[in-house]
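Worksheet for the structure shown next.
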Amino acid sequence: MSEVSRLPDAVLVIAGPTASGKTELAAEVARRFDAEVVSADSRQIYRHMDVGTAKPAPALLSEVRHHMVDVAEPDQPFDTAAWCDGARNALSDIEARGRRAVVCGGTGLYIRSLLRGLFDGPRADPQLRSQLESAEREQPGELVRRLEKVDAAAAARIHPNDKVRLVRALEVYELTGRTLTEWHSEHALAQRPFREITVAPDWPRETLYERIDRRSAQIVEAGLLEELASLRERGFAAGLRAFDAIGYREAGLCLDGKLERSDLVPTVARATRQYAKRQLVWLRGQGPCRMLVGGDKEGAFRAAEELFSTS
């Protein structure tokens, strides 16, 4: 990991499932506390992918400075270590300018790695990853089967649809001869580079699903299919890892004639609900988190005041 200057003493983290209102909440806190936002979203890092990632609107990006948005091309290799390096540099820059910092996003691995550190495992191996991804395409479920044989504990905690983490777990084993579980146990993710309070918008399940349904319809109406078609026309290959994100994956099926356009919105909504469930499970396992009923911004303000007033 690259060297960075002094990190902030305190960082507010806004986590939670997709479509729960994290972006709006982070903007409210940033306005109130003279803060900047570090995005912890594994798809908003990509340039040109605006509609399907529900990226903050240009007006908001102009008003509230956001970091780790539009930092890579869709075909550029970008892993958790690269994000963590970038996020730490952004936090150091924020600290150097006397601003406060809010980390906001739903990519749990990014947040955990920033707050607790990354274990000293191997860097990504693009060729090996490509082989593993090909094996999964040829025989769906192959990644889980292989991982169960070498690291049953990791196979049990990683969702069968989470191909990114399955590939990483197998990659670590293939490159080091040691399981991801062993690495994590040794490292214990025990680094704590700054104080933090984590908050999350909290909605009744039915309300969250309604928000997801609206978001799914909005991104399709806003031009999801057209955005992906334009990216393909610009030479970005259909099989890119970036396009395996929810929304783009389903849009790709439409463009390839494998999914009716009339089925696009409900298919995206269904996949997003399943992802939101996994995000909530992750959140419950990460330690103290203040749940903000109905996205209570006053609760977020109180947490920020408590955190920043002692820094």
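Any residue in the stretch 245-262 that is free of Cβ contacts under 8 Å to residues at least 40 places away in the same chain sitting within a Cβ distance under 9 Å of a residue that is surrounded by fewer than 14 Cβ atoms within 10 Å (Cβ to Cβ) and among the hydroxyl-bearing types (Ser, Thr, Tyr)? List the pairs, counting only those 6 or more apart or interchain.
none
Counting only residues that are open to solvent by 40 Å² or more (accessible area, probe 1.4 Å) and more than 18 Å from the chain's Cα centre (by Cα), which one in the stretch 113-123 is farthest from THR53 (Cα to Cα)?
ASP120
What number of residues in the stretch 144-164 are among the acidic types (Asp, Glu) and either over 16 Å from GLU174 (Cβ atoms) or in a helix (DSSP H, G or I) (or both)? Talk me through it step by step, then tell me what you get.
In the first step, residues of the stretch 144-164 are kept if they are among the acidic types (Asp, Glu); the result is 148, 151, 162.
Add one more test, that the residue is either over 16 Å from GLU174 (Cβ atoms) or in a helix (DSSP H, G or I) (or both), and what stays is 148, 162.
So the answer is 2.
Within the stretch 263-279, can one find any residue that is open to solvent by less than 20 Å² (accessible area, probe 1.4 Å), touching a strand residue (DSSP E or B) at 6+ places or on another chain (Cβ under 9 Å) and either at negative phi or not in a helix (DSSP H, G or I) (or both)?
The initial filter retains those residues of the stretch 263-279 that are open to solvent by less than 20 Å² (accessible area, probe 1.4 Å), namely 264, 268-269, 271-272, 276, 279.
Right, trim to touching a strand residue (DSSP E or B) at 6+ places or on another chain (Cβ under 9 Å) and you get none.
No: the stretch 263-279 contains no residue that is open to solvent by less than 20 Å² (accessible area, probe 1.4 Å), touching a strand residue (DSSP E or B) at 6+ places or on another chain (Cβ under 9 Å) and either at negative phi or not in a helix (DSSP H, G or I) (or both).
Any residue at all in the stretch 219-236 that is under 19 Å from the mean Cα position of the chain (by Cα), within 30 Å of GLU298 (Cβ to Cβ) and either modelled with pLDDT under 95 or surrounded by 18 or more Cβ atoms within 10 Å (Cβ to Cβ) (or both)?
yes
When residues of the stretch 44-87 are filtered for being among the basic types (Lys, Arg) and at pLDDT below 95, how many remain? Walk me through how you get there before you give the answer.
At the first step, the residues of the stretch 44-87 found to be among the basic types (Lys, Arg) are 47, 55, 65.
Imposing the further condition that a residue be at pLDDT below 95 reduces the set to none.
Number of matching residues: 0.
The values are calculated or read from the model by the stated rules, or taken from the named source; none is laboratory data. Fair warning: this is a prediction, and the values are worked out from it, not measured in the lab. All Cβ positions, even for glycine, are placed from backbone atoms using ideal geometry, and neighbour counts span all protein chains on display. When the accessible area is computed, the model is the full protein with side chains, heavy atoms only, and any ligands, DNA or RNA have been set aside. Shrake-Rupley method; radii C 1.70, N 1.55, O 1.52, S 1.80 Å.
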